[in-house]
Amino acid sequence: MAVATSNMTHNLSQQALLAIYLPATRQRFKQEVNRLTSGAMAELLGPHADTPALTFFMSYLYAYHWLEHNVHLDYRARVLESFRGGRFGFLMDLLLSDTAEIFVQGYIHHWQTNPEGPVQRQELLHLLAAQHNDPQQLALYVLRRWHKFGLFTKPYLVEFKNVSRDERQRYDGMLGEADQARLELVDAIANTSPASANIWRYPKLGIIPAMGCPQTCRHCMFTWRPPKPKHEQPTLIYKLVDAHTDSVLFTGGDLTKQLPYFYDAIRQMRHIKNFAILLNGDFADTPQLTDEILQNMASAVKARPAGWAPARILLQISFDEFHQEVYVDKKGLLAERIPVAKIANIVAAYPRYAKQIQLALLHKQTSLNFSMDVLHKGVFARLTNELAQRGLQLQVLSAAPSARQKRNVLSGNTLAPVFKDASFILSQFPQAPILLTSSTIDGYGRGALLDECETIKEKDLLHEVLTQGPPPGESFDIDLMFWFNGWVTLFNAVHICLGDVYRDGIEMILARQRHDPLSHALQCFDRRLLEYYAEIHSDLEQKIKAATGPHHLFHSLTEDPLVRLHMTRRLIEVAGADRSPTATTA
Ligand code: SF4
């Protein structure tokens, strides 16, 4: 029944979806072509004598492959339609060629047979002359150069599978031989340190009931889902977490199926004041179902005994160009990944529960964030329209940029302020502000497969961290995440495990957290870790180049259990040498 109603309420027509899909895809296409023709292709080609003459040609060969890789065949012609005007209109026909060979031959033939032409014709004639004026030979040469890039060699689905496989292998090493050897080293330090009589307090702790999500967002950073735990003890986890913090975050993919655990936690964790939960909004099939779920959350808060800490829920809902992307499904039809109408259901229901719940929309930064366009275009505009159709008016109260300026690749790589936070209301409910906060997408998981221009990167921050150390307030988050399967990992590194809480006990886990030299080196982005990484692997430079920011770099440097062990050993050795009498007297 709910499904039938859901279909009625949030499925946009193919025509309405096409009106979203085409401009968004054209924008991506245009951004990629502009990026390539204005420097990126020349960089790929390298300092070769024919690089200037080849850049434009190869940029469009890239565009040919990009289209084949990213755009369903049924939609390619319509995506290209708006670029047909002007002297490069012929390229749009060529981009629809059946093979790259036909595209290349067609491009050569076009400039050979059009005596009047711009600089691209001169470039082509120059390239042709270098190949003895043999168009076949030039075509082979161009294709050979292209293949050397090794780009777009696997279909998206294969790349997705590879990302999940790599991630699964990473989890396979979790608490394996190398990790156990590392933890023994940490335990040896903990055992020789004076025990703390205080109960250790944390600004926040995380709970991961399970990692799971039926969605397949293109930017998803955690794609492999470990099997659901068999011997979970949620009540024990709640008790442990409740004793050490007053703020808890429930996370792990999407937790819609785990919501009963969240309600239980609110009813059981007497000291917690802030219950945050991260959901993708997919639960909000209908206004009725949405209301029911928010009511369940609010009821759990209201059911807490009077003497307990007053609690509130922070309901975090993903909302951005990626979660709400319009894509082509397996049947070749357009679909909205998580429909904006579902987010509208949540926004519309929320004011009734604002006493118990704070709603926050979590947004991933794109080039729109370089101006206030972010609040008037794209997914935000779609939400505003959807609410308006329901007679609800969205009103922005405040907006603020992030503390640091970031590079806008679309405007010459210049530094510019980035919109980060906003608060808004439905004007009919001014007492219920909704928060919107945006963050960057790091290059983990499928995030590494996004187009260069689709995300904002933290390369300047990375440079600062690597050359001067982190600026004040910037750190790697090492607060603890408790998994229902027993693992205890770090907020910013779910692959760094401090043990199994069911097996090792909370005291041992907390002692490890206090004494683990690797966790603490990560927290302050200790640059010695780069050196230690390079003692084991030879690809440090590539890792730095590929990193989208410091968190991503330090995450990727510690993904191999043997590296984690080596780094821990080295940090202990150096600390020992620093404490030795020779070191102090020298
Ligand atoms: S990004 Fe979030 S909603 Fe999308 S697939 Fe990943 S966990 Fe699911």
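The values are calculated or read from the model by the stated rules, or taken from the named source; none is laboratory data. Everything quoted here is computed from the prediction, not taken from an experiment. Here the Cβ is made from the backbone with ideal geometry for all residues, glycine too, and neighbour counts use every protein chain on show.
Summary of values
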item: Residue count, the stretch 480-512 (criterion: over 19 Å from residue 236 (Cα atoms) and not in a strand (DSSP E or B)); result: 3
item: Qualifying positions in the stretch 296-329 - touching a residue at least 12 places away in the same chain (Cβ under 8 Å), assigned to a loop (DSSP other than H, G, I, E, B) and among the hydrophobic types (A, V, I, L, M, F, W, C); result: 303, 308, 309, 311, 319, 322
item: Criterion (loosely packed, with under 12 Cβ neighbours inside 10 Å and assigned to a helix (DSSP H, G or I)) met by exactly one of 136, 180, 120; result: 136
item: Search result, residues across the stretch 316-335 that are within 16 Å of the ligand (Cβ to nearest atom) and over 19 Å from the mean Cα position of the chain (by Cα); result: 329, 335
item: Which listed residue is touching a residue at least 24 places away in the same chain (Cβ under 8 Å), closer than 23 Å to residue 76 by Cβ and not basic (Lys, Arg), from 40, 53; result: 40
item: Residue 262 vs. criteria surrounded by 20 or more Cβ atoms within 10 Å (Cβ to Cβ), at pLDDT 95 or above and more than 16 Å from the ligand (Cβ to nearest atom); result: yes
item: Selected residue (criterion: modelled with the lowest pLDDT) from residues of the stretch 51-95 that are touching a helix residue (DSSP H, G or I) at 6+ places or on another chain (Cβ under 6 Å) and part of a loop (DSSP other than H, G, I, E, B); result: 84
item: Residue pairs meeting the criteria (Cβ under 6 Å; at least 6 apart or on separate chains; first part of a strand (DSSP E or B), in the stretch 273-288; second β-branched (Val, Ile, Thr) and within 16 Å of the ligand (Cβ to nearest atom)); result: 278/251; 279/317
item: Scope the stretch 123-133; condition of a type in the set (A, V, I, L, M) and loosely packed, with under 12 Cβ neighbours inside 10 Å; matching residues; result: 129
item: Checklist (1) under 22 Å from residue 314 (Cα atoms); (2) within 16 Å of the ligand (Cβ to nearest atom); (3) not acidic (Asp, Glu) applied to residue 217, failing item; result: (1)
item: Among (1) closer than 24 Å to residue 478 by Cβ; (2) at pLDDT below 95, the one test that residue 215 misses; result: (1)
item: Residue within the stretch 476-491 that is of a type outside the set (Ser, Thr, Tyr), surrounded by fewer than 19 Cβ atoms within 10 Å (Cβ to Cβ), within 19 Å of the chain's Cα centre (by Cα) and more than 17 Å from residue 173 (Cα to Cα) present; result: yes
item: Counted residues, the stretch 336-368 - those being basic (Lys, Arg), more than 14 Å from the ligand (Cβ to nearest atom) and outside any helix (DSSP H, G or I); result: 1
item: Residue in the stretch 246-255 that is charged (D, E, K, R), within 17 Å of residue 491 (Cα to Cα) and either away from the ligand (no atom under 16 Å from the Cβ) or modelled with pLDDT of 95 or more (or both) present; result: yes
item: Residue that is out of contact with any strand residue (DSSP E or B) (no Cβ under 8 Å at 6 or more places or on another chain), among the polar types (S, T, N, Q), in a loop (DSSP other than H, G, I, E, B) and away from the ligand (no atom under 16 Å from the Cβ), where the choices are 153, 223, 235; result: 153
